[in-house]
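Here's the structure, in structure tokens; my notes come after.
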Amino acid sequence: MMAALVAILTALIAGLLYINPDISVNVAICCLIAASCLAIVAPFEALEPAARKRICVGCIAFVVAIVIAFALAIQTTDDRGPLGALASLATGGIVLAAWSFTIRNRRGRPQWRNYFDR
């Protein structure tokens, strides 16, 4: 659920960056790529470890794309607004990636429904 919200927020910020004349179009494209990395894995319920590993890879790809967008934005503008938005997206992506990394190997217990053991 959180990955879907961050993907939607990233797509909205990419739209705002696209209409900003001070920002390169490449920054908006990197943000759309980052949003698609999360949107690809967001609609799936990750009950088995293989699906959790795919979510972890998607979150890490999101962080990489946002960091690239941030680096491109630093080169094109000195305005703090777009840089702050990209920094907050990077922070949210790092939190998602850390969370997905910690749960990637959880195993479900068959006796209890929706209970996971490490």
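Pairs of Cα atoms nearer than 8 Å and 6+ residues apart set the relative contact order; for the chain it is 27 percent.
Taking the helices alone, the chain has a mean residue ellipticity at 222 nm of -25500 deg cm²/dmol, built from -39,500 (n - 2.57) per DSSP H run of at least 4 residues and averaged over all its residues.
The calculated FRET efficiency for the pair residue 105 and residue 26, based on their C-beta separation and a Förster distance of 35 Å, comes to about 0.45.
What percent do you get for the relative contact order of region 44-106 when only Cα pairs under 8 Å and 6+ apart count? Computed over region 44-106, the figure is 55 percent.
Restricting region 38-95 to chymotrypsin sites (Phe, Trp or Tyr not before Pro) that sit in a DSSP loop and have at most 13 other Cβ atoms within 10 Å of their own Cβ leaves 44.
Element breakdown for the chain at a 1.4 angstrom probe: carbon and sulfur atoms account for 67% of the accessible area. Taken over the chain, the convex hull of the Cα atoms encloses 79 Å³ per residue. Here the simple spin-label model places points 7 Å from the Cα toward Cβ, and for residue 8 and residue 83 these points are separated by 3.1 nm.
Taking every protein chain into account, the accessible area of the chain amounts to 62 square angstrom per residue (probe 1.4 Å). Full extension of the chain between residue 75 and residue 53 yields a length gain of 4.6 nm, computed as 0.36 nm times the residue separation minus the alpha carbon distance. Ligands, DNA and RNA excluded, the heavy atoms of residue 88 present near 70 Å² of accessible surface to a 1.4 Å solvent probe.
The values are calculated or read from the model by the stated rules, or taken from the named source; none is laboratory data. If you're wondering where the values come from, they're calculated on a predicted model, not measured in any experiment. Virtual Cβ from ideal backbone geometry, glycine too; neighbours counted across all protein chains shown. For the accessible areas, the whole protein counts, side chains as well, though only heavy atoms, and no ligand, DNA or RNA atoms are used. Shrake-Rupley method; radii C 1.70, N 1.55, O 1.52, S 1.80 Å.
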